[in-house]
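Structure first, then comments.
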Amino acid sequence: HKTIAVSKKTADQIIRLPFIKKKIETIHNGTEAFELASQIESRNFLAPQVHEKVWIGTISELHPNKGLDYLIESFAPLVDKYSNIALVIVGGGEEESNLKKLAEELNLGERITFAGFKANAKKYLGAFDIFTLTSRTEALPYAILESGIASLPTVASWVGGIPEIITNGESGILINPEKTSELTDALDSLIAQPELRQRLGRELNKNVTQNFSIQKMVKETAELY
């Protein structure tokens, strides 16, 4: 009788299906506070061999849709400018060998760490100074909600329901990941400006806490039924 879309963008994409236009309801995914390990504990758990001060990171399935090739290519120009940065990719998947090969081709083998799959990885989000999600396609990703709970400044693709979570320039930075220079510039600005990182992380936390709680999601779902 009803079809629930997890974002307004998803609803717009499926509204053309037959007999469904009047049945669609949008209910955003919701999350709640979770245990966060300290930065020291998180870094020792994820990648103890990495000693750079500023960590750019993501937790993601290593799948073509996640656009991690864009992230690696965008990270390359930054390593000559900053000696204290590292890219840490948490997750496993079919693209792992291809992504590692790309990192080696760009001479980034020592600056990019593939930490592999980690159970309950969100607990260790505190390891990162900057969070990224450079996907080619998304609905409404929990990864962004979780980075918000962790108050992380986030650079994410302008796709799917992500702009419904992040207001560009206010609670994060939205980019077209295919334009790697745009992604590089966004990361550069966050590396160089700790105060900007703090402000964006704080605003994302406020928005996620207020508007994307699991209580709100459950309430709206129960009311629909």
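The string of couplings for region 22-39 from the Karplus curve (6.51, -1.76, 1.60, θ = phi - 60°) is 8, 9, 7, 10, 9, 10, 5, 4, x, 9, 9, 4, 9, 5, 10, 6, 5, 4 Hz, one whole number per residue in order, with x for Gly and Pro. Under a Gaussian network description of the chain, with springs only between Cα atoms under 10 Å, the residue in Leu196, Leu183, Leu62 that fluctuates furthest is Leu196. Between Pro141, Pro77, Pro194, the GNM of the chain built on Cα springs shorter than 10 angstrom shows Pro194 fluctuating the most. Of the residues Val6, Val218, Val155, ranked by 1.4 Å probe accessible area with the largest first, the sequence reads Val218, Val6, Val155.
Rounding to the nearest 10 and keeping the result within 0 to 90°, find how far the Cα-based axis of helix 96-105 lies from the longest principal axis of the chain. The answer is roughly 40 degrees.
When Ile165, Ile214 are compared by accessible surface with a 1.4 Å probe, the order from highest to lowest is Ile214, Ile165.
In a simple Cβ point-charge model (Lys, Arg +1; Asp, Glu -1; nothing else charged), region 21-88 has a dipole of about 340 debye relative to its Cα centre. Net charge dipole, region 31-152: roughly 200 debye, given to the nearest 20, about the Cα centre with Cβ charges of +1 for Lys and Arg and -1 for Asp and Glu.
Seen against the Cα atoms of the chain and their longest principal axis, helix 180-192 is set at about 70 degrees.
Around the amide H of Thr26, modelled in the peptide plane, lie the amide H atoms of Ala5, all under 5 Å away and 5 or more residues distant in sequence or on another chain.
Since only Leu125, Ile14, Val79 are under comparison, the one whose Cα sits farthest along the positive direction of the charge dipole of the chain, derived from C-beta charges on Lys, Arg, Asp and Glu, is Ile14.
Phe117 to Asp185: extension gain in nm, 0.36 nm per residue of separation minus the Cα-Cα distance? Answer, rounded to one decimal: 21.6 nm. Accessible area per residue (1.4 Å probe, heavy atoms of protein chains only) ranks Ser181, Ser213, Ser151 as Ser181, Ser151, Ser213, with the largest value leading.
For the chain, the dipole from Cβ point charges (+1 on Lys and Arg, -1 on Asp and Glu) about the Cα centre works out to 800 debye, to the nearest 20.
Annotation: extensible slack from Lys22 through Asn84 equals 17.0 nm (criterion: 0.36 nm per residue apart, minus Cα-Cα distance).
The values are calculated or read from the model by the stated rules, or taken from the named source; none is laboratory data. These numbers were taken from a predicted model, which means no experiment stands behind them. Cβ atoms come from the backbone with ideal geometry, glycine included; neighbour counts cover every protein chain shown. With ligands, DNA and RNA removed, areas are computed over all heavy atoms of the protein, side chains included. Shrake-Rupley method; radii C 1.70, N 1.55, O 1.52, S 1.80 Å.
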